[in-house]
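Student: My structure is below; once you've seen it, I'll send some questions.
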Amino acid sequence: MVIVAHSLGGLLTRAALARPSFARYPVKVSHVVMLGTPNQGATLAGLLGPLARAAVTASANDLTPARARQVGPVPAVVQFGVIAGGQSTTLGLNPLLAGDDDGVVKVAETRAANMDDHLTLPLSHSALISDAQAITNVRRFLQTGRFRPPRTS
């Protein structure tokens, strides 16, 4: 089985796979690709107060840096890649966030332990789920375990 998850879905995937019972799952997970997942937590969620997070969505509380640090890693036996949205510059899409970002999550916040590969594409947070370039890279990772094609000499 493979899992492709967006944003909070990636944190939920990490939480499920980090459980001690993962090794006993009847179906083995071979690959995980996360799209715009705030593996380090989302600064934007942390900037919102508890009332504002509740007004936006109750799940925003799960995106804070403190909560994201409580989630265990993807097991090393699973090939694991992350695609972030960003502009590959020092300025992202959201002026409230320092550094490159997809408008919601900073590129640096998408990095996680045990990643086999990481890729930044010039996309917004919501575009990560439907953009042709993102889909091509997800497919490549599921086939090869890498986002970039191998270099030829």
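Student: So if each residue of separation counts as 0.36 nm, and I subtract the Cα-Cα distance between Ala76 and Ala18, what length gain in nm does that give? Present the calculation step by step, with values, prior to reporting the outcome.
Tutor: On the way: separation 58, 0.36 × 58 = 20.88 nm, distance 1.03 nm.
Going from the current span to full extension adds 19.9 nm.
Student: How large is the translational diffusion coefficient of the chain in µm² per second when you combine the Kirkwood radius over alpha carbon pairs with Stokes-Einstein at 20 °C and 1.002 mPa s?
Tutor: Details: Rh = 15.8 Å.
The Stokes-Einstein estimate is 136 µm²/s.
Student: Compute the signed sum of charges (Lys and Arg +1, Asp and Glu -1) over the other residues within less than 11 Å, Cβ to Cβ, of Val78. Could the numbers behind the result be given before it?
Tutor: On the way: positive: Arg14, Lys28; negative: Asp116.
Taking every other residue near Val78 into account, the sum is +1.
Student: Can you list the HN-Hα couplings for region 13-19, worked out from phi with the Karplus curve (6.51, -1.76, 1.60; θ = phi - 60°), rounded to whole Hz and with x for Gly and Pro?
Tutor: 4, 4, 4, 5, 6, 7, 5
Student: Let me ask something additional. If you filter region 112-153 for trypsin sites (Lys or Arg not before Pro), then keep DSSP loop positions with at most 12 other Cβ within 10 Å, what is left?
Tutor: On the way: sites: Arg139, Arg140, Arg146, Arg151; in loops: Arg146, Arg151.
Passing sites in region 112-153 are Arg151.
Student: Enumerate the amide H contacts of Gly99 below 5 Å, restricted to partners 5 or more residues apart or on another chain; note that Pro and chain-start residues carry no placed amide H.
Tutor: HN-HN under 5 Å from Gly99: Gly92.
Student: Looking only at the chain, where both bridge partners belong to it, what percent of the DSSP beta bridges are antiparallel (to the nearest 5)? Numbers along the way, then the final one.
Tutor: Values: 1 of 17 bridges.
Roughly 5 percent of the DSSP beta bridges within the chain come out antiparallel.
FYI, it's all coordinate maths here, none of it is from the lab. Keep in mind the model is a prediction, meaning the values are calculated, not measured. Please note: Cβ atoms are built from the backbone with ideal geometry, for glycine as well, and neighbour counts cover all protein chains shown.
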